[in-house]
Amino acid sequence: MDLDIQCEEMSASRWTELKSSMNTSKTVRLDDCNLSASHCKDIGSVLSSNQSLTELTLNNNELGDSGLELLCKGLMTPSSNLQKLWLQNCNLTDACCKHLRSVLSTKPTLIELHLGDNKLGTSGVKVLCEGLMDPNCKLQKLQLEYCELSPDNCDLLCSALRTKSSLKALNISNNKLGDAAVKVLCQGLMDPNCKLQSLHLENCRLTAASCGDLSAVLAMKPSLTDLSVGENKIGDAGVALLCQGLLNPNCKIEKLWLWECRVSPAGCKDLSRVLSTKESLTELSLIGNELRDPGMELLCQGLKDPKAKLQALWIRECGLTTACCKSISSVLGTNQTLRELHMGGNKIGDAGVEIIHEGLMNPNCNLQSLWLGNCSLSAACCGSLATILSSKPCLTELDLSNNSLEDEGVKKLCESLKQPNCKLQQLVLYDIYLSSEVDDELKVLEESKPGLKIVL
């Protein structure tokens, strides 16, 4: 049994009812429920008595350090078998970390800890790392995003990476670390004992200087399959350095996130080589980079290579126009592995959709998710989109939000949605002005097709 409650105010009677449910649940989620320290005593009691409870999520509640202490008392009992704990944005400070240290050092069952958006600070994270390095700790995933870490924390994190082979995922995004701190972190990543698979360093004040160190890690550690350095000013020089590591045969990267990294068409030349060489790479995000049409042309050259196995590409808000759509269409018509294409926020226009339509209709195209929100579209392109919907049962998700489709365009889409061959599961139409008549038609259509969700 699972208990999943979000955004609900807790009356005394409702809380009593939920306590009973929690005692028999395997997973409990109580996000944004206005919980406080007073509720934590009851949750701690559940943790100590319900041996089947393995996942607890309490994000966005004002628990505070006193509430966390009560939770930890329950977690520390021999009967508690909790494996995953989410405490994001719970008004925690460094004062609570000594209790979390005790939990980490005594409960090998705990394998995931999410503490993002709490002001733990340098001192708090140091205490947390002491528990992390305890031989009894078997933590696999640690999330410390927006926790006010400083460069001083990286020495202990480095030691943890060297000693804790169980740790598979580390997210320390949105902390003011800098290049020198990441250099220290990379020393731990290079240790033979480190088996980290996922590293997120978004918005950590990195420059191209960090990319040389990260490149060395990529070249030496086939275990690292997920790297995110989004929202760092690494530029084309940084991308070039990363690509050196990515192209190493030892590198087995699967997910690469480079959103808002000041990548230009020059950086796309290096990335194109990676796309055409690295068969392990399945997800690439370049959101918010000024790639423009020349950059997209270079990426498409890599995507058309038979060795390219990319499944998901995010190129939202990359300064693209109709001019690059012929190349994108060619990719869609030749690359059979691509399943998701996110290209919203680019002014491709109706003419661009008409061109992409050719690739989408190709029998080789297996695209499942297409995002075209805010792409300067009108009703004129909806005939082509309607044809795709009725002809490509593989397409299950389509986003057309914030486009001037109006009633005329949406009516064309509705006709195709009614067809048996249309297998669309989600149609996103945010911020599109529609008459009440068409709005009602969409609601009736949604009711008539149980597998379809229309988001207005």
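The values are calculated or read from the model by the stated rules, or taken from the named source; none is laboratory data. Small disclaimer: the values here were computed from a predicted structure and weren't measured. Positions of Cβ are generated from backbone atoms using ideal geometry, with glycine treated the same way; all protein chains shown enter the neighbour counts. Quick note on the areas: whole protein, heavy atoms, side chains included, nothing else; ligands and nucleic acids left out. Shrake-Rupley method; radii C 1.70, N 1.55, O 1.52, S 1.80 Å.
Select, from 256, 196, the only residue that is among the hydrophobic types (A, V, I, L, M, F, W, C) and either open to solvent by 10 Å² or more (accessible area, probe 1.4 Å) or outside any loop (DSSP other than H, G, I, E, B) (or both).
Every option except 256 fails the conditions.
In the stretch 54-104, what residues are of a type in the set (Gly, Ala, Ser) and in contact with a His (Cβ under 8 Å, 6 or more places away or on another chain)?
67
From the set of residues in the stretch 340-364 that are in contact with a strand residue (DSSP E or B) (Cβ under 6 Å, 6 or more places away or on another chain) and open to solvent by 60 Å² or more (accessible area, probe 1.4 Å), which is nearest to residue 313 (Cα to Cα)?
340
Being open to solvent by less than 10 Å² (accessible area, probe 1.4 Å) and among the β-branched types (Val, Ile, Thr) is the filter here, so list the residues in the stretch 207-235 that pass it.
Correct list: 217, 229, 234.
Considering only the stretch 62-71, state which residues are of a type outside the set (A, V, I, L, M) and either surrounded by 23 or more Cβ atoms within 10 Å (Cβ to Cβ) or part of a strand (DSSP E or B) (or both). Can you show your working first?
If we filter the stretch 62-71 for residues that are of a type outside the set (A, V, I, L, M), which is where we start, we get 62, 64-67, 69.
Matches in the stretch 62-71: 62, 67.
Any idea which of (1) crowded, with 18+ Cβ neighbours inside 10 Å; (2) in contact with a Ser or Thr (Cβ under 9 Å, 6 or more places away or on another chain); (3) assigned to a helix (DSSP H, G or I) is the one residue 183 doesn't satisfy?
Only one criterion is unmet by residue 183, namely (1).
Of all residues in the stretch 293-330 being of a type in the set (Val, Ile, Thr) and buried (at least 24 other Cβ atoms within 10 Å of the Cβ), which is nearest to residue 281 (Cα to Cα)?
Of everything passing the filter in the stretch 293-330, 315 is nearest to residue 281 (Cα to Cα).
Examine the stretch 39-59 for a residue that is acidic (Asp, Glu), touching a Gly at 6+ places or on another chain (Cβ under 9 Å) and either assigned to a loop (DSSP other than H, G, I, E, B) or surrounded by fewer than 22 Cβ atoms within 10 Å (Cβ to Cβ) (or both), and state whether such a residue exists.
no
Taking the conditions exactly as written (in contact with a Cys (Cβ under 8 Å, 6 or more places away or on another chain), of a type outside the set (A, V, I, L, M, F, W, C), farther than 16 Å from residue 215 by Cα and not in a helix (DSSP H, G or I)), does residue 203 satisfy them or not?
Taking the combined requirement at face value, the residue does not satisfy it.
Of 94, 117, which residue is within 20 Å of residue 169 (Cα to Cα) and open to solvent by 50 Å² or more (accessible area, probe 1.4 Å)?
Details: 94 fails: within 20 Å of residue 169 (Cα to Cα).
Only one candidate passes the filter, namely 117.
Only one of (1) crowded, with 18+ Cβ neighbours inside 10 Å; (2) in a loop (DSSP other than H, G, I, E, B) is not met by residue 238, so which one is it?
Of everything listed in (1) crowded, with 18+ Cβ neighbours inside 10 Å; (2) in a loop (DSSP other than H, G, I, E, B), residue 238 misses just condition (2).
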